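For reference, the structure discussed in these notes is given below.
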Amino acid sequence: MQTKKGQKDPFESPDFYMIDDLLTEEHKLVRSAMRDFVKLEITPFIEDWCQKNYFPTEIVKKFGEIGAFGPTIPTEYGGGGMDYISYGLIMQEIERGDSGMRSTASVQGSLVMYPIYMFGSEEQKKKYLPRLASGELLGCFGLTEPDHGSNPSGMTTTFKDMGDHYLLNGAKMWISNAPKADIAIVWAKNETGRVYGFIVETDTEGFSTPETHNKWSLRASATGELVFDNVKVPKENQLPEKSGLGAPLMCLDSARYGIAWGTIGAAMDCYDSARRYALERIQFDKPIASFQLIQKKLAEMLTEITKAQLLNWKLGKMMNEGTVTSAQISMAKRNSVETALNIAREARQIHGAMGITGEYPMMRHMMNLESVITYEGTHDIHLLILGKEITGIQAFY
Ligand code: TGC
Ligand code: FAD
């Protein structure tokens, strides 16, 4: 049942293989704080926000207070100074509430704070990171363009060195947080085709962020364009420490990791709702949970969630040790999103007609997951990344 204002959220997360034994006390504390936060601040309101296509700007400061922004960024810059398993658990809990809310948090942490921390100057880190961590500022990340989605290397957004500033021209599309953002991390090419990153303040003259309307998915997340018409960017706003497409792709690795955990949160929510409903719903004078076909669905959901939990935990260990490869992250992102989408569909069926309403969370999760299976690299692009790793042959072009 989707929790309503004034109701208690009964969510219980499945842990069939006692994966909690693999977590530290700190991990469990972080998860428990975030779960309580989601039960208090997200699940009672999310259905209404999505129905109204409303981005709750007030959540940004609240995310800052609870430490959802940049959990792995060192505390000296306002981050949480935590490890990647804590980061994963935070994403899992937020996306249990809603993928759009997780988008807000993972864009801010992995796609805005991470590049400033990794590729920024000391001045940039000091100027922006603490204000992003606290939620005083909201950021967005502009890589995708109208004609360059899966193939960002073809981007046509350009910058020119004008001596005392850079001049930015072009457009980005499908950018999470854009219409509400204070700053954008923008990727653009110079005259030789080399990609560089910039911190661009959204109130700069010539820069607009029109909202994208009529989405059936991620309705509580604001999506928009970034349009640059002779935008003057101060020299000190270029990210100095890394150039080339590898820089944005490194950010994507961090965000894809968060999605691998997050989407299993959405899957857990669907499973939890389906298990409860199956025990309560009577047909043919029995709870539908007593029918073998319903038990098969529940057993398969739990099996897939458990497999993904173990994959994510091991991925988190490799992230912590710095041994992870991009292809390993691709496998987990791809597996988790597909698992979550299948579970949302099966859980929806267990709820019968009730499952199509906002009384239950599955349709919302399902529609959200249709974006998640496309952004941060489509399902097929991740398959091709794995194919390249296995064979040594790229099949992108
Ligand atoms: P390719 O030639 O393979 O690589 C170009 C350069 O990048 C390096 N590299 C990486 N570096 C770090 N991490 C990675 N994961 C990397 N992958 C590649 C590579 O070594 C090379 O470096 P160098 O020095 O030799 O130049 O690039 P390609 O053009 O063949 O493309 C490969 C491909 C298709 C896999 C890549 O472009 C890709 O991943 N495409 C998908 C695009 C994508 O994921 N876009 C996401 C946009 S952001 C978003 O969706 C946010 S949603 C947020 C939310 O709301 O949660
Ligand atoms: P295309 O690249 O046109 O792909 C269309 C289809 O062709 C897909 O099925 C794809 O798998 C397939 N395809 C493409 N190339 C190949 C190939 N070589 N081989 C086989 N099949 C192929 N981007 C950002 O930069 N920042 C954001 O914050 C952001 N937020 C987003 C929020 C939402 C809600 C959505 C929906 C998208 C967001 N994106 C963002 C954009 C997202 O990353 C892109 O949509 C995604 O990378 C795919 O690009 P595309 O939509 O242009 O699809």
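The values are calculated or read from the model by the stated rules, or taken from the named source; none is laboratory data. Because the structure is a prediction, the values reported are computed rather than measured. Here the Cβ positions follow ideal geometry from the backbone for every residue, glycine too, while neighbour counts run over all protein chains shown. We work out accessible area using only protein heavy atoms, side chains counted, and drop any ligands, DNA or RNA first. Shrake-Rupley method; radii C 1.70, N 1.55, O 1.52, S 1.80 Å.
Structure notes:
- Looking across the range 218-250 at every residue that is open to solvent by 20 Å² or more (accessible area, probe 1.4 Å) and within 13 Å of ligand 2 (Cβ to nearest atom), the one that is farthest from F55 (Cα to Cα) is identified as L245.
- Check on L218, modelled with pLDDT of 95 or more, within 16 Å of ligand 1 (Cβ to nearest atom), outside any strand (DSSP E or B) and aliphatic (A, V, I, L, M): yes
- Matching residues in the range 122-164 - criterion: being of a type in the set (S, T, Y), away from ligand 1 (no atom under 11 Å from the Cβ) and either touching a strand residue (DSSP E or B) at 6+ places or on another chain (Cβ under 9 Å) or over 25 Å from Y84 (Cβ atoms) (or both): Y128, T156, T157, T158
- Residue selected from the range 312-367 under the condition hydroxyl-bearing (S, T, Y) and within 20 Å of the chain's Cα centre (by Cα), by the criterion farthest from K215 (Cα to Cα): T325
- For the range 182-196, the condition holds for no residue, the condition being that it is open to solvent by 60 Å² or more (accessible area, probe 1.4 Å), of a type in the set (D, E, K, R), more than 20 Å from Y114 (Cα to Cα) and within 13 Å of ligand 2 (Cβ to nearest atom).
- Test for I59: is it open to solvent by less than 30 Å² (accessible area, probe 1.4 Å) and free of Cβ contacts under 8 Å to residues at least 60 places away in the same chain: yes
- Of all residues in the range 370-393, those satisfying the criterion of being more than 12 Å from ligand 1 (Cβ to nearest atom) and either of a type outside the set (S, T, Y) or within 25 Å of E145 (Cα to Cα) (or both) are E370, I390, G392, I393.
- Of residues in the range 72-83 being part of a helix (DSSP H, G or I) and not polar (S, T, N, Q), the one least open to solvent (accessible area, probe 1.4 Å): Y77
- When S86, S121 are screened for being crowded, with 23+ Cβ neighbours inside 10 Å and of a type in the set (S, T, N, Q), only S86 passes.
- Qualifying positions in the range 1-22 - out of contact with any helix residue (DSSP H, G or I) (no Cβ under 7 Å at 6 or more places or on another chain) and more than 21 Å from M301 (Cα to Cα): T3, K4, K5, G6, Q7, K8, D21
- Boolean, F69 is within 16 Å of ligand 2 (Cβ to nearest atom), open to solvent by less than 10 Å² (accessible area, probe 1.4 Å) and not in a helix (DSSP H, G or I): yes
- The range 314-338 residues that are free of Cβ contacts under 8 Å to residues at least 60 places away in the same chain, paired with ones that are surrounded by 15 or more Cβ atoms within 10 Å (Cβ to Cβ) and not in a helix (DSSP H, G or I) (beta carbon under 6 Å, 6 or more apart): M318/V324
- Counted as qualifying within the range 291-382 are the helices (runs of 4 or more DSSP H) with 3 or more residues that are surrounded by fewer than 24 Cβ atoms within 10 Å (Cβ to Cβ), β-branched (V, I, T) and outside the structural domain of I175 (by TED's automatic domain parsing), namely 292-321.
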